């Protein structure tokens, strides 16, 4: 009676052993190949992602689910989508970037899934460059004496279809130096003349002057070395000390006084001539001419305001009497 029981137990153990040794089918391996094909214009860019999913023996994997996530250079997700492979294992996707999108490297995370296969992953990057501009100086240095003027040229170039207005200004100019751009703004590509005026009081030395080009949030700059040397007047004046220097100052002041006196005498002579003409003829027409001449002398600065007002009233009264 024990023999059948033993046989049964042995058969059960054999079946369990056979069941536990049954091989489990392993998931297949698959791979992804993909690339970006960006088309960039001044209106932004259209980004095409295309790829293929295949087995290790290069057999195409159809109907695989492809998830795509794209992040901008700041790490913000800007595009998420789901695609499917066709019979050839090929998938495609596209999206657009606005012109004001940040420039830099964009990253796409591509994941392929299909039952019976291990998940396949791929990371891609592409670079987006927004429309921009550049600025270059025609010279690296400019040497001027105190009291002199000079100029140089800067070129503003358009990059990737940039067409906005660029404002050109100077910064970091030393004391006593004026730097102006002509024109002050332009649309690339174009050139601007940088006019530099050095006063007699500008200290001699070597300075770096920066030319700034600004358009919206975009800023670019170029620079040149401004070398200021002593002018002839400044150099000679430095050697005049003590009494000699005082003589120069006195002579300059005397010249200003003499010039002022000369101008005053010219005004007095013109006024005397006008009064002489008025006294020679007191008729209506002659008096009107005197008033007109008086207005002309006032406009030319050859008669002071108080004298003008006094004579104007006097000859207007004469004009009324002569009617």
Subject >> Residues being surrounded by 16 or more Cβ atoms within 10 Å (Cβ to Cβ) and touching a residue at least 60 places away in the same chain (Cβ under 8 Å) - total across segment 149-170 >> reply: 3
Original post:
If you check residue 179 against the conditions, is it farther than 30 Å from residue 34 by Cβ, modelled with pLDDT of 95 or more and under 13 Å from the mean Cα position of the chain (by Cα)?
Top reply: no
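State which residue is nearest to residue 135 (Cα to Cα) when the search covers only segment 224-239 and only residues that are modelled with pLDDT of 90 or more and surrounded by 16 or more Cβ atoms within 10 Å (Cβ to Cβ). Walk me through how you get there before you give the answer.
Looking only at segment 224-239, we keep the residues that are modelled with pLDDT of 90 or more, and these are 224-230.
Going one step further and asking which of them are surrounded by 16 or more Cβ atoms within 10 Å (Cβ to Cβ), we end up with 224, 226, 228, 230.
Details: 224: 12, 226: 18, 228: 24, 230: 31 Å.
For segment 224-239, the residue satisfying everything is 224.
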**OP:** Please find, within segment 15-47, the residue that is modelled with the lowest pLDDT out of those that are under 25 Å from residue 106 (Cα atoms) and part of a loop (DSSP other than H, G, I, E, B).
**Re:** 42
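The values are calculated or read from the model by the stated rules, or taken from the named source; none is laboratory data. Because the structure is predicted, anything quoted here is derived from the model rather than measured. All Cβ positions, even for glycine, are placed from backbone atoms using ideal geometry, and neighbour counts span all protein chains on display.
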